Each structure stands twice: as C-alpha cells, then as structure tokens.
Amino acid sequence: MSGEKRRADNGSDTEEQSTSTTVDARPKGSKLVSKQRSQVEYLMKNIDKPIDISTPEKPMLRPPPDIVLNVRGSSAGAGSSDFSIYRDLRRKENLRVKLMESDAAQDSAKDKFIDEIELLKQKDEEKTAKNRAKRQKRKNKNKSVKEK
C-alpha cells in the first residue's frame, strides 16, 4: 500500500524496489530497545569479562563554605536575581541537612540492630550453658548409677 502511494506521488517505481530489498529481519522498535539490544550484544561478545553491578553511590555534597563572601540579605536594593540565588542556596543547604539526618538515622538504626544481635547472642549463650549444665548433670548421675 505504501508503495502505491509512493508511485502515485513520485511517479517512479525505483524507490519502491529499493525499499522492498532492504527490509530488515527485525521489526523496528524504539530507540531504547535498540540501545539495550546493542548493549546486550556487546556484553555477549565479551562474555569472559566480569561485569560490575554495583549500587549507585549516594550524592556527595560539598560542605558549606567557611567564609561567605557574597552575603545576600533582604534589603531594599536587592536585584531580581537575588531571590533565585537565595532559593538555590537554601535548597542546597536543606538537601545537605537532610542527607546528614538520614546518615545519622541509618547509623543509629545500625547500632540498635548490632545491640539487639549481641543481646540475642548473649541470651542464646546463657540458655546453651544452662542446657549443657543439665546434660552434664544427667550424664554424671547416669554414670554414678551404672557404677553402683
């Protein structure tokens, strides 16, 4: 059908013949699919090469400057770009504080987990020692009965 339209538009059969001979065996997909296909093919060519599948690192933010040379305040002479600069600085500082708080929360949760594990191990050790003592007592009692 598309070939007929081309003939009607252009009036020549040469374009129809060239398109019919260059038909690809694979159906045309999106650019993402073809990109993924090429990546997989590349990996399959180098099958002996190890693949690094690591988790993405958390964003590292620079610490705030010790000396702020360009102090911006809310004055009558503030320019039109000052609010945008203030908003950007505030966003960066809030993100930095949020990351610090999440790191602190993760550290405290990790410490709490380690403490719980140690407590459970201690309880298990105590119970095991108690059962060991019972077994030893029974064993000694059985030995004394056999000797008599």
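Restricted to the range 103-148, and to residues that are hydrophobic (A, V, I, L, M, F, W, C) and under 27 Å from the mean Cα position of the chain (by Cα), which residue is nearest to M60 (Cα to Cα)? Going through the qualifying residues, I end up with A104.
Taking the conditions exactly as written (among the hydrophobic types (A, V, I, L, M, F, W, C), exposed (fewer than 10 other Cβ atoms within 10 Å of the Cβ), at pLDDT below 90 and in a helix (DSSP H, G or I)), does V145 satisfy them or not?
Numbers: among the hydrophobic types (A, V, I, L, M, F, W, C): yes; exposed (fewer than 10 other Cβ atoms within 10 Å of the Cβ): yes; at pLDDT below 90: yes; in a helix (DSSP H, G or I): yes.
Taking the combined requirement at face value, the residue satisfies it.
Within the bounds of the range 14-36, is there any residue that is at pLDDT 70 or above and in contact with a Leu (Cβ under 7 Å, 6 or more places away or on another chain)? The answer is no, given that none of the residues of the range 14-36 is at pLDDT 70 or above and in contact with a Leu (Cβ under 7 Å, 6 or more places away or on another chain). Among residues of the range 80-92 that are without any contact (Cβ under 8 Å) to a residue 24 or more places away in the chain, none has a beta-carbon under 8 Å from a residue that is loosely packed, with under 12 Cβ neighbours inside 10 Å at least six positions away or on a different chain.
Evaluate the range 67-85: report whether one residue or more is open to solvent by less than 100 Å² (accessible area, probe 1.4 Å), part of a helix (DSSP H, G or I), at pLDDT 70 or above and closer than 30 Å to D103 by Cβ. Yes; the residues of the range 67-85 include at least one that is open to solvent by less than 100 Å² (accessible area, probe 1.4 Å), part of a helix (DSSP H, G or I), at pLDDT 70 or above and closer than 30 Å to D103 by Cβ.
The values are calculated or read from the model by the stated rules, or taken from the named source; none is laboratory data. Remember, predicted model here, so these are calculated numbers, not experimental data. Using ideal geometry, Cβ is built from the backbone for each residue, glycine included, and neighbour counts are taken over all protein chains shown. Surface areas here come from the heavy atoms of the whole protein model, side chains and all, with no ligands, DNA or RNA. Shrake-Rupley method; radii C 1.70, N 1.55, O 1.52, S 1.80 Å.
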